[in-house]
Every structure is written in structure tokens, then in C-alpha cells.
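The values are calculated or read from the model by the stated rules, or taken from the named source; none is laboratory data. None of the values given here were measured: they were computed from a predicted structure. Don't worry about glycine lacking a Cβ; one is built from the backbone with ideal geometry, like all the others, and counts go over all protein chains shown.
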Amino acid sequence: MQKEWLLQGEFAPEEVKQIKELTTRMKCPRLVAELLFRKGLKTPEQIEDFFQPRLEHQHDPFLFPDMDKAVDRILRAIDRGEKITIYGDYDVDGTTATTLLYLGLQRLGADIGFYIPHRMIDGYGLSLGSLDQIQESGTKLIISVDCGVNALEEIEAINARGMEIIVTDHHNPKEELPPAFAIINPKLPGCPYPFAHLAGVGVAYKLLMAIYRRRGIETEENTVKYMDLVAVGTIADIVPITGENRVFAHIGLQHLVDKKNLGLNALVQISGLNTKTMNASDIVFGIAPRINAAGRMGSASVAVELLISRNKERSLELAEIIEQQNSLRQQEDQKTFHEACDIIEKKYKDINSAPCIVVSSDDWHPGVIGIVASKLVEKYSRPVIMISFKEGFGSGSGRSVADFDLFGALRAISHNLHSFGGHKYAVGFTILQEYIDRFENELARFVSENLHSPQLNPPLEIDRELELYDISNFLLDWMERFAPFGPENQRPLLATRDVLVANYPYTVGRNHLKLKVVKDGVTLDLIGYNLGDYLSLLKKNSRLDIAYTLEYNRFGNKTSIQGKLRDIHLLK
């Protein structure tokens, strides 16, 4: 579906004057000054803070109401030699958070272990079935990471067994909080912590830094020691790359290049990434899918074992295992995506009239339905729910469209569900098969009443129109200073009008479009991921308007500027 393009509004005369002054003062391209101005960055101090995130830009971890209490309990456990178990989620955020606390507390002499639930056996989050094993290990204190804020029944069971739990989480809490010893979550109602968008690993990191401060070892070296893990978990969890998350991502990526963590280094090698120029895309498309594959196709404990490894050979062995799991995951993804598309085409005769999509099967691997749901949202531009059933019990994953709160939708019809959790845009749940029809009907009704048509096909927000002759290394070097890119700090989206296709377009990989365009004698190479369907509409000398981002394409020792296509408008 062709998207509408929405250009940023014109600047007022006074703003134009300020942008000119900023351009002169910074000695930067006019486009860069405009981008800074739109972000509200107008003084040299603000701009320096943005371009150079520093450790001192972090907030005090003791602003979390339960932090004092949590730190006291953990240090008491360490001093008494009590067994501590870190209980993590099976995604990248959860496994990096588990690794961070495991390594960080081990350095203080803690008697420590970890437990990662198995997706197919335990399901999401704290599991009643895991408590026997945890208790038998001699655990007195559990610290959850990236889960637990809605685990009422499970935490009551933990308390009843004579264990205690400290919950660290970043998911939206429901109305009733569990009876944990302490809960550290920036999304708790009334929480005074000034940054609500931490990933689970970010919350775990704040806990570790509070412990280090109390022990008097909050040195710069210890503050950055695990920041590569924090960066990977934060970037992979698709939280806003603003505020503290920008600090974590910026400093953590630099730390990742230094190859301090053997497990991460093994993953970087096996992914074929350039270790000298690590960026957020390398995490999202290279490292994160591999770590996730461990939890999707088997046990995510393998990922934690890799990340805590201190043996180079063992790290490479574990990375190979994860690489094999990722290959299996990719095959399962493709198979499930095609099956889901076939079901959708048969089930929804007029897809444009369907407020949302709900599809299910007994044959789908529960580990891949979340990824496939994201692809279906991209294809059909509406919220998608996928459910994998086994013996009448379903595990579901949902993904949403721009600005529609799918977590809120599930909360409104939660009487149909056995359990549920997640965020505004991504949810997980379990459901009995007999409730599926009622669930689908009530969800469709809720979505149709609360989802507005612009959310189904939101316009592309173009930052600026640009001529090809304005593109240069000087411009791109400045634009790269806006990195790390991610939610709420995306690469600037540009548009160029009336370009000519200069070659014969073709596809590469999995339906990716490659072409070269020319205007005013200047050419630009473009790649459009998942835009291969345009191939039949394009030929040499076709006239187009293009929407794209700019980045460096590094291949071997050669570096060139490449446009990443986001959309095409064909001209007659």
C-alpha cells in the first residue's frame, strides 16, 4: 500500500534566523542545524550533551522507592552466604540482564546461580513449575529481571516456600502488585524515577550500580564494565533511544568494540560484523536475532552460558550452537509466515474491513510467532495476533500498529485469557481453545471502536527534501553523530523528487530491491529491504519520487554512501 508522505512544517522567519546562526556557529550543513533545532537542541551545551552522552548524564538509582530496601537485602544475602538466583526472561533483554547481575554480584563474592524459563515448558515469566528446582538449589533470595511485576500467584508461592524475591522489571504493571520483598520498575504508578523507558537490563543495571555505590566500588571502570551488555539488551528491546538509554547505547557500543565480553565477541565474529564500526543496526539484525534464537528454538540458558563464559574456545562452541539454532529459526519463520498469509487470505475476504487479524494453528512453533506477527503487521497494516495451540492450550503473541495500545486492548478483554503481559506494541498471552471465538469477537469490537484509520496506514514523516547534489561525506559524517539510532531517534528520513532510474533494477536476498537513480548528473545507489514487489513496476528511465535514509555501506576496504529506500512514488 503506497504511503502518504508528510513533510515537516516550514520554519518561521525567526527560526530560520536561528538555524542560520547555528549553522555558522557549528560549521555544519544546514540540514544538520535544522535537525538539531527540531529536537529542541539550540545551545552549544545542549548539542554537546546530545552528541557526546556521558556517564554523568545518568540518574541516581536510589530515586527508585524500593532501591534502598533491595540493596540492603542483597548485601545481607552476600554477607551471610545465602544462595541468590537470578530469574530472567528468555529474550535478549532478559538474558543480558541475567548475565549482568550474575557477573556483577559474583564479583562481590555472592553465591549465585541463574534460571531462565524454557519457552515451551515454563512459558513466559515467573513459573510455578520452576520453584521446586530453585528451592532445591538452596536459594534463599530470587532476583527477577525483565519479568515478575504481574506474577501475583507465583510470588505468593515463593513467599509460602520461605524464599524472598526482589522484582526488577520494566513492563506495565496491572492494578494489583505482587507481594514481593521489593519492586524496582520505573513504570510503577507514582514512581519518581525521572526516566520511564528503561529496558529490563537498564533496570537491572541501576540495581547493580546502587549495590556498587553502597559497597564503595562505583568507580568509572566498574560503571562501564558491563555497559556492552546494557547496550545490547536496550537496543534489542526497541525502547526509545533517548535519555539514559542513549547513554547506555552510545557508551556500550564503544565498549563492545573493545571486545571485553568473550561471548559477545564470539557472536560478533560468527555474525560477520565489522568490529570496528558497531552500530545499533548490527545489534538489531546481527546479534539480537541470534541470542533470541536460543530462547525461541530451545533454552535461552545457552545464551547466558555464552555471555558469562571466560573461555574463548567454549565461547566459540556455544556461539556455533546458537548460530545453528538461528538457522532453524529462520526456516521456521519463513514457513510460518507463508502459512499465516494463506490462512489470512482465506479467512479475511476483505482485509481492509478487518480491524485486526487473529490466526492460529496447532503446527506453529511458539518461539517464532512473535517475529512472524511483526512481519504480518508490516504486510497488512493492522494489529496481528498469532496463537500456537497444543492440546487445547494456546500461547499467543501480538504486535500492534502505530500508537495503538494492544496491551490496553488485552486488559479490556482479559476475562478471555489465562494470563497476559507485555507493552503497548507487543504482547504475550495464554488462552484456552474454547475461548478463542469470544476473544476474537471482543478484540475485533474493541479495536474497531478504538483504532483510527490513520493508525492503520500512518504517513511517512519526511524530515527534509534534499537534492542528490547535496549528499556528501561531509553531510553524512555529521548525520552519523546523531547515532545510536532507534525509536524516537531515527535516522533522518529524506525525500528527493523526480529522479530517473539509471540502471535495470533487480532483487537480492529475500525480496530486497536494488537500483541506482540519477538527477542533475549525480547518482545514488539504493537498497529497499522487502520492497522487491516494486520490481515489476520499474524499468530503466522510470521517473520516481524517493523517500530514504542515508548511511555508509562498508564492504571490505571500500566505503560508499548508500540510500536505504523506505518508499517510492511512481511518476507518469
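When N274, N261 are checked against the criterion of being buried (at least 17 other Cβ atoms within 10 Å of the Cβ) and over 15 Å from A236 (Cα atoms), N261 stands alone in meeting it. Counting only residues that are part of a loop (DSSP other than H, G, I, E, B), of a type in the set (A, V, I, L, M, F, W, C) and touching a residue at least 40 places away in the same chain (Cβ under 8 Å), the stretch 136-172 holds 1 of them. Being surrounded by fewer than 18 Cβ atoms within 10 Å (Cβ to Cβ), touching a residue at least 60 places away in the same chain (Cβ under 8 Å) and either assigned to a helix (DSSP H, G or I) or not hydrophobic (A, V, I, L, M, F, W, C) (or both) holds for only one residue in P186, P192, and it is P192. Residues considered: I287, I238. Of these, the only one that is outside the structural domain of G486 (by TED's automatic domain parsing), within 18 Å of A199 (Cβ to Cβ) and at pLDDT below 90 is I238. If I filter the stretch 232-250 for residues that are outside any helix (DSSP H, G or I), of a type in the set (S, T, Y) and within 19 Å of L306 (Cα to Cα), do I get at least one hit? Looking through the stretch 232-250, none of the residues is outside any helix (DSSP H, G or I), of a type in the set (S, T, Y) and within 19 Å of L306 (Cα to Cα). The helices (runs of 4 or more DSSP H) falling completely within the stretch 10-102 that include 2 or more residues that are closer than 30 Å to D237 by Cβ and among the β-branched types (V, I, T) map to 67-80. When R296 is tested against the conditions (1) charged (D, E, K, R); (2) surrounded by 20 or more Cβ atoms within 10 Å (Cβ to Cβ); (3) free of Cβ contacts under 8 Å to residues at least 60 places away in the same chain, the lone failure is (3). Within the set S361, S388, the sole residue that is out of contact with any His (no Cβ under 8 Å at 6 or more places or on another chain) and either modelled with pLDDT of 90 or more or among the β-branched types (V, I, T) (or both) turns out to be S361. F439 - would you say it is in contact with a helix residue (DSSP H, G or I) (Cβ under 6 Å, 6 or more places away or on another chain), hydrophobic (A, V, I, L, M, F, W, C) and over 15 Å from V358 (Cα atoms)? No: the conditions fail for F439.
Against the test of being of a type in the set (V, I, T), buried (at least 22 other Cβ atoms within 10 Å of the Cβ) and over 19 Å from R382 (Cβ atoms), the options I357, I291 yield a single qualifying residue, I291. When you go through G422, G394, G428 one by one, which is the residue that is touching a residue at least 40 places away in the same chain (Cβ under 8 Å), touching a strand residue (DSSP E or B) at 6+ places or on another chain (Cβ under 6 Å), buried (at least 18 other Cβ atoms within 10 Å of the Cβ) and on the phi > 0 side of the Ramachandran plot? Within the list G422, G394, G428, the selection yields G422. Within the stretch 196-210, the residues that satisfy the criterion of being crowded, with 24+ Cβ neighbours inside 10 Å and assigned to a helix (DSSP H, G or I) are G200, V201, G202, V203, A204, Y205, K206, L207, L208. Filtering L443, L451 for residues that are farther than 30 Å from T277 by Cβ, buried (at least 17 other Cβ atoms within 10 Å of the Cβ), at pLDDT below 95 and not aromatic (F, W, Y) leaves a single hit, L451. Could you please let me know if R296 is more than 24 Å from the chain's Cα centre (by Cα), of a type outside the set (D, E) and either in the same structural domain as N265 (by TED's automatic domain parsing) or closer than 17 Å to N265 by Cα (or both)? Here the answer is no, as R296 does not meet what is asked.
The residues on offer are I143, I134, and the sole one that is surrounded by fewer than 22 Cβ atoms within 10 Å (Cβ to Cβ), farther than 21 Å from P366 by Cβ and within 31 Å of the chain's Cα centre (by Cα) is I134. As for the stretch 64-86, it holds at least one residue that is of a type in the set (V, I, T), within 25 Å of the chain's Cα centre (by Cα) and modelled with pLDDT of 95 or more.
The residues on offer are K558, K516, and the sole one that is outside the structural domain of T277 (by TED's automatic domain parsing), modelled with pLDDT of 95 or more and out of contact with any helix residue (DSSP H, G or I) (no Cβ under 7 Å at 6 or more places or on another chain) is K516.
When I155, I142, I121 are checked against the criterion of being in contact with a Leu (Cβ under 8 Å, 6 or more places away or on another chain) and either at positive phi or outside the structural domain of F429 (by TED's automatic domain parsing) (or both), I155 stands alone in meeting it.
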